[in-house]
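Please read the structure below before turning to the comments.
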Amino acid sequence: MEFQAGRNSWRVTQAGRVAFLVDAAAYFSAFAEAAKLARRSIFILGWDIHTHTRLAEGLELGPFLLGLLERNPELEIKILIWQTHLIYAFERQDQTFVKEYFSRHPRMKFFWDANHPPTASLHQKIVLIDGELAFSGGLDITQCRWDTPAHDCDEPGRVTPDGKPYGPFHDVQVMFDGPAARALRTLVAERWRTATGERLGFDGGLDAVWPESVRPELTEVPVAISRTLPRWNGQPGAFENLESYVDLIRGARRELYIESQYFSSERIVEAMKDRLREPAGPEVVVALPHRNSGWIEESTMGTLRYRVLKDLRAADLHGRLRVYYPVVKNTAGPEPVDVNLHSKVLIADGRFVRIGSANLSNRSMGLDAECDLTFEDRDGAGATGLRDRLISEHLGLTVEAWRAYLGRHGSLIAAIEARAKDAPGAPKALLQFPDELPAVLNTILPDTKVIDPPAPYRFTNWGKLVLDRSILPSRKQWAYILTIAAVIGAAALLWSFTPLRDWSDPRFLAAEMNRLGPEPVRSLAVLGIFILLSALLFPLNALLFAVSFIFDMKLTLLYCLVGSLASALLVFALGRSGSRVLPKFLEGEKSEKARLLLEQKGIYVVFLLRLLPLVPFSV
């Protein structure tokens, strides 16, 4: 790959010292050590933050930062975090509290970044210390991230701020200094200016405060900084991340090792398919999370992942593709525990190392704000070292033991599969990704771009309808609407954040329905479950998946069609009867505007409501 500023990179520069921080325990520890050495400034840019993030034993982020300000009268701290959508409200700390907490000191400034298109996010995760030392990658300094490379099932330190345990979590961050770190000053200063209107300055003439406990793995290497910025508000956008990924895939000669939280980018998949069809192309090893977090992500991004894998396997004419997910041994039962793989890493030919915030998804290539770095390691020791650290971590081996496997078998795929045969009950493993998406579901799911948009949605006449004040309800009418919304919201919360959430896992639901008895009792029961759960605002896509795990394709299609129509009729009847007691706020002139638009765009509107699973389908 050739670094080309303006096409596959924003800046081509040099990194002085580079260290790869595998998993959050290493990152949080290095950040804390560097922050203690900060003289003038600490800048934090991210998707999320939590005041009680555990940096180390007995060390929490909020009190730690306030303590630094008290000890150093010249230090300033600035924090810019994405202003989240409502859909993430229950996964994050209260925004009002966060804002107030990080505004307690006059030399600490905190802002929520709302300067992005609808449905987009600030996804860059960057920390700058004195403008000379930089951290970047897939990790935010927030809850449910801390873990060690061991990923022990019973790790006592892996708990939320309120003491609840969470599962194993894997990610990678990179720390570096030199011109590359200084180049990020411009990027974060521009983001700060667009979000707050303030110009951000950095003091010059300071040396980087490299943590003594961290050993550099690369020194004086070329690095390309790539961005994703959407076209919005008159800005031209930046899409270097997409071009960089495609160039790395096209340029690989021997091997590609990839870790990604999501896997759905159409252009990247096409580039991989082209290489897999070649007689002498590279072998491709991809590590993904087995399941995405929550039924919304699993039924959207997870579903797209299965579709992509099916296409890639069809293009793998020479058997050079393997897709794995990492697991650890479950101390409480026979089934292994999935490791939540959140990293965004690509290593090509033991020469190029790419680490950043961008997933292999359409939105990371064109919608969200992202920042990635690609280091060129010409002697290969650092790049192959990181690759071997990651694979050995997932296999539960030492780096030396993994390299022995690799030396005996000659390729990544052969070595990984040999390990699986030699140690079928190993405490850690990479398991091959199953092909679980039934063909019937693949035909009824929406186009990739609907779920995973590559660019901001454009307002059409629907935007005018929403923004047209002349058709808005009165205060009394709003009271009725908000009451209904509260009921819907409460139902959604019950299915998402209480023990009832187990029922929204298609595998759990399928197992329960299998216990209903033999045919035809089970078939009739399934139809009844469709009607009952739909009336209770249950996520219908979970039902569709569950049925597909029980019956063959023909019966799945029949039961899903009949069940969906029956539940739709019931919910429609409930809505129609309820509308008779509601104020008729859409009568007269207001109604006419809405009615005409609905008549013109009716199918389109229902299509979006049904296929964008942001709310239960019954709404």
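The values are calculated or read from the model by the stated rules, or taken from the named source; none is laboratory data. Predicted model only: the values in this text are computed from it and were never measured. Every residue, glycine as well, gets a Cβ built from its backbone with ideal geometry; the counts of neighbours run over all protein chains shown. Heads up: the accessible areas ignore ligands, DNA and RNA and are worked out on the full protein's heavy atoms, side chains in. Shrake-Rupley method; radii C 1.70, N 1.55, O 1.52, S 1.80 Å.
Of note:
- Close amide-amide hydrogen proximity is noted between TYR324 and VAL286, ALA287, LEU288, PHE433, each under 5 Å apart and 5 or more residues distant or on a separate chain (H modeled in the peptide plane; Pro and chain starts excluded).
- Accessible surface of segment 190-313, 1.4 Å probe: 44 percent of it comes from carbon and sulfur atoms.
- Loop trypsin sites (Lys or Arg not before Pro), segment 352-387, which have at most 15 other Cβ atoms in a 10 Å radius of their Cβ (DSSP): ARG378
- Backbone HN-Hα couplings from phi across segment 177-183 [Karplus 6.51/-1.76/1.60, Hz, Gly and Pro as x]: 10, x, x, 5, 5, 5, 5
- Protein accessible area in segment 320-382, 1.4 Å probe - carbon and sulfur %: 47
- Given charges at Cβ of Lys, Arg, Asp, Glu: segment 313-412 dipole, positive-most of GLY333, LEU367, TYR405: TYR405
- Partner aspartates and glutamates for LYS554 [C-alpha distance under 18 Å; skip if fewer than 8 residues away on the same chain]: GLU436, GLU519
- Using θ = phi - 60° and Karplus 6.51 cos²θ - 1.76 cosθ + 1.60, couplings along segment 352-367 (whole Hz; Gly, Pro as x): 9, 10, 10, 9, x, 9, 7, 7, 7, 10, 4, 5, 6, 8, x, 10
- Looking at segment 98-156, the trypsin sites (Lys or Arg not before Pro) that sit in a DSSP loop and have at most 15 other Cβ atoms within 10 Å of their own Cβ are ARG104, ARG107.
- Kirkwood Rh in Å, taken over segment 253-335 so that all alpha-carbon pairs contribute: 13.9
- For the cross-link pairs LYS273/LYS329; LYS344/LYS428; LYS36/LYS99; LYS36/LYS78; LYS109/LYS344; LYS36/LYS109, the ones whose C-alpha atoms lie over 26 Å apart are LYS273/LYS329; LYS109/LYS344.
- For segment 199-297, the list of GluC sites (Glu not before Pro) that fall in a loop by DSSP and count at most 12 other C-beta atoms within 10 angstrom reads GLU212.
- For segment 67-153, the solvent-accessible area of protein heavy atoms averages 38 Å² per residue (probe radius 1.4 Å; ligands and nucleic acids excluded).
- Probe 1.4 Å, protein heavy atoms only - accessible area per residue of segment 353-434 in square angstrom: 33
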